[in-house]
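Let me begin by presenting the structure, written as structure tokens, before commenting on it.
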Amino acid sequence: MTDKSHRGTVFLEQAKILSHQSFAGDQYILRINAPRCAQHAKPGSFMHITCDPALPMRRPISIMRVDSKAGWVDLLYKVVGTGTRLLAQRKVGEQLSTLGPIGNGFVPSENKTRPLLIGGGVGMPPMIFIADELRKKKTHQPFMILGSEVPFPFKQQPSQFMLPGIPEGVIGTMPLMEDWGIACRLASLQDFPGCFNGYVTDLARTWLNALDDQQRNEVEIFSCGPHPMLEAVAKLAKEFSLPSQLSLEEYMACGVGGCAGCTVPVQTENGTAMKRVCVDGPVFSGEAVFY
């Protein structure tokens, strides 16, 4: 029997482009007017977008920020193929056919008040979204690590937040996080000034090792990024016996569970089962996906 639990929660909207910013590395931040999606989106959910009228197959793009009152949604994407290349050519004022929000998102634990947020590349948006939600709760103290091998889609600045275990000189942060009062550091293998020269998981490990046992017990890991990075994050969580929630990136056709083209093996109480990333995920327990 097909799971229909997502029906009535995914909205088809003709979304007007409000702004479309370009950044180095073929990266773009798109703001669209999609009030129903903005009202119902949760960190980890995504939109399925028709990039161009001539291209019938939609593309999934993670939601980065929403304003439920103003009705806008921010999306960060990188040009990697025909669809996103056509999307990059769309102008302010044009309409996009969108489906969203889709998928099950992150669910922070109330007693894990020191969330570690790890985003890589176009996996950064869900981390920014959950950071926004956590700051509104005012009960959690998140630490965010963002990684990229192309220039970051923002102008980094020195952070005012000092953190245990962070190497001297690693002070680059995302300005928005600084405005929100959230500690953040950047990592790359490209020797960007102010960034940690290494993998996001290496920087995360130094931070975790600097915590005492009680502090480390308050950590829960949330992550989104390329598959090898997520596998490394899952191993890191296992190394420190920490819970983790990972948002998977997967090719998909329909985006609403009908085609089963985005299935992945997931460990359940009844053994291994094939789960659809679009509607069963995209967020899964790290130990359930990388076992």
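Tabulated data for the structure shown
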{"item": "Charge dipole of the chain about the Cα centre (unit charges at C-beta), most positive-ward option of Trp72, Met124, Ala288", "result": "Trp72"}
{"item": "Highest-fluctuation residue, Val256, Val73, Val150 considered, GNM on the chain with Cα pairs under 10 Å", "result": "Val150"}
{"item": "Antiparallel DSSP beta bridges within the chain, as percent of all bridges there, nearest 5", "result": "65 percent"}
{"item": "The stretch 138-236: radius of gyration and largest Cα-Cα distance (Dmax), Å", "result": "13.1, 36"}
{"item": "Anchor Lys78: lysines whose Cα lies under 28 Å away (excluding residues fewer than 8 positions away in-chain)", "result": "Lys16, Lys42, Lys69, Lys91, Lys155, Lys235, Lys275"}
{"item": "Rounded if a/c under 1.5, otherwise prolate or oblate - the stretch 250-291, Cα gyration tensor axes", "result": "prolate"}
{"item": "Amide H contacts of Leu211 (H built 1.01 Å from N, under 5 Å, at least 5 apart or other chain)", "result": "none"}
{"item": "Tilt relative to the chain, helix 124-137 - C-alpha long axis, 0 to 90 degrees, to 10", "result": "70 degrees"}
{"item": "Anisotropy class of the stretch 30-129 from Cα gyration tensor, a/c 1.5 cut", "result": "prolate"}
{"item": "Relative contact order for the chain, counting Cα pairs under 8 Å that sit 6 or more residues apart, in percent", "result": "17 percent"}
{"item": "Amide H contacts of Ile166 (H built 1.01 Å from N, under 5 Å, at least 5 apart or other chain)", "result": "none"}
{"item": "About the Cα centre, charge dipole magnitude for the stretch 199-291 (Lys/Arg +1, Asp/Glu -1 at Cβ), debye", "result": "240 debye"}
{"item": "Debye intensity ratio in log₁₀ form over the Cα atoms of the chain, taken at each q of 0.08, 0.17 Å⁻¹", "result": "-0.32, -1.48"}
{"item": "Crossing angle, helix 227-239 versus the chain [Cα axis fit, 0-90 degrees, rounded to tens]", "result": "40 degrees"}
{"item": "Considering only the stretch 116-247, percent of DSSP beta bridges that pair antiparallel, nearest 5", "result": "10 percent"}
{"item": "Cβ charges +1 (Lys, Arg) and -1 (Asp, Glu), total dipole of the stretch 87-214, debye", "result": "360 debye"}
{"item": "The stretch 116-247: relative contact order in percent, alpha carbon pairs under 8 Å with at least 6 residues between", "result": "26 percent"}
{"item": "Sparsely packed trypsin sites (Lys or Arg not before Pro) within the stretch 78-107, loop by DSSP, other Cβ within 10 Å at most 15", "result": "Lys91"}
{"item": "For Met252, distant residues with modelled amide H under 5 Å away", "result": "none"}
{"item": "Unmatched cysteines, the chain - criterion: no other Cβ of a Cys under 4.7 angstrom", "result": "Cys37, Cys51, Cys184, Cys195, Cys224, Cys262, Cys278"}
{"item": "Computed FRET value (nearest 0.05) for Lys16 with Glu250, which takes r as the C-beta separation and R₀ as 22 Å", "result": "0.15"}
{"item": "Mean separation of Cα contacts under 8 Å, 6 or more apart, over the residue count of the stretch 250-291: relative contact order %", "result": "34 percent"}
{"item": "The chain, dipole about Cα centre (Lys/Arg Cβ +1, Asp/Glu Cβ -1), debye to the nearest 20", "result": "880 debye"}
{"item": "Cleavage-rule hits, GluC sites (Glu not before Pro), the stretch 213-273, DSSP coil, Cβ neighbours within 10 Å at most 14", "result": "Glu269"}
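Values in this text are rule-based calculations from the coordinates and carry no lab data. All values reported here derive from a predicted model rather than from experimental measurement. Counting neighbours? That spans all protein chains shown, and the Cβs are built from the backbone with ideal geometry, glycine included.
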